[in-house]
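The numbers here are math on the coordinates, done by the rules we state, and not lab data. All values reported here derive from a predicted model rather than from experimental measurement. Positions of Cβ are generated from backbone atoms using ideal geometry, with glycine treated the same way; all protein chains shown enter the neighbour counts.
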Amino acid sequence: LNTPINIPYEGKHLDPKNVKGSLLFENVSFAYDKINALNKINLMIPAGKTIAFVGTTGSGKSTLVKLLLRFYSPQSGRILLDNLPVEELNLQDLRRSIGYVAQDTFLTDGTIADNIAYGLTDAKEEDILKAAQTAEAMEFINKLPLGFATRIGERGQKLSGGQRQRLALARAILKNPAILILDEATSAVDNETEDAIRRSLDIVSKNRTTIIIAHRLSTVRRAECIHVVEAGNITGSGTQEELLHRNG
């Protein structure tokens, strides 16, 4: 209880509805207990574009996102959202502007509707339904005994991994953020579910800054730019075709 809070919550307020979603990483470096994770990253992500990061485990892909969400602060450099340094922004306003779908989905022992609307007190039934349709979750929801009113058990244990991921995506879609992040969100699902999530992404990524982190190129091949991350450095950037034509 007495542990000081390292990352301050206060800062300049931001209206999530007015966020365009352009991101700039300027000389960003970060290390976990002296183990380098990122080395002077310089990167521009234009608003409304779909960008992907690929690379081996431990290359630094997820660290970029954790710094953007301010789970940590960089040792050097800075990150700007719409030309505003993120460390100067109100932390809750910053996170309200970002939808985050992780590999390990957090679900509660509530109903399907509760979990999709988690964190949104004013969500309407029709909006929850539309988000589930966009995430291609209706196929399994309609088969549940009580549909949207079905309780899914602690951590969603009554659902399969793919079903949990579709609920997580529906939650992010309902939030309607300026920036959508998928952090290895398809690494633990089957090919059919991955295809469904990819179809959903084609819809929700339009006019929205979308960041996809993945091992598998199949997940990111439609991204407008793919960045290859190795040992904390960006070693290549381009479309899938451009990267495949280069050695390595």
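Fraction of C-alpha pairs exceeding 23 angstrom in the chain: 52 percent, rounded to a whole number. Computed from backbone phi with θ = phi - 60° and the Karplus coefficients 6.51, -1.76 and 1.60, the 3J(HN,Hα) list for region 148-156 is 5, 8, 6, 6, 10, x, 4, 6, x Hz; x is used for glycine and proline.
Cα centroid distance between region 5-19 and region 45-68, in Å? Comparing the Cα centres of region 5-19 and region 45-68, I get a distance of 21 Å. Each listed q (0.14, 0.17 Å⁻¹) maps to a log10 I(q)/I(0) for region 59-162, found by the Debye formula over equal Cα scatterers with no solvent: -0.71, -0.90. The share of alpha-carbon pairs in region 117-248 lying farther apart than 26 Å comes to 29%.
Work out how much length Asn39 to Glu192 would gain on full extension: take 0.36 nm times their residue separation and subtract the Cα-Cα distance, in nm to one decimal. Working it through step by step, the gained length comes to 51.4 nm. Largest GNM mean-square fluctuation among His13, His227, His215, using the chain with Cα springs under 10 Å: His13. The length gained on full extension between Asp15 and Gln133, counted as 0.36 nm times the residue separation minus their Cα-Cα distance, comes to 39.8 nm.
Each label was represented as a point 7 Å from its Cα along the Cα-to-Cβ direction; for Thr3 and Glu125 these points are 4.3 nm apart. Extending 7 Å from Cα along the Cβ direction at Tyr32 and again at Leu217 yields two label points whose distance is 2.7 nm.
Put a plus charge on the Cβ of each Lys and Arg, a minus charge on the Cβ of each Asp and Glu, and nothing anywhere else: the dipole of the chain about its Cα centre is then about 160 debye. What 222 nm value per residue comes from the helices of the chain, counting each DSSP H run with n ≥ 4 as -39,500 (n - 2.57) and dividing by all residues, nearest 500 deg cm²/dmol? After summing the helix terms and dividing by residue count, I get -7500 deg cm²/dmol.
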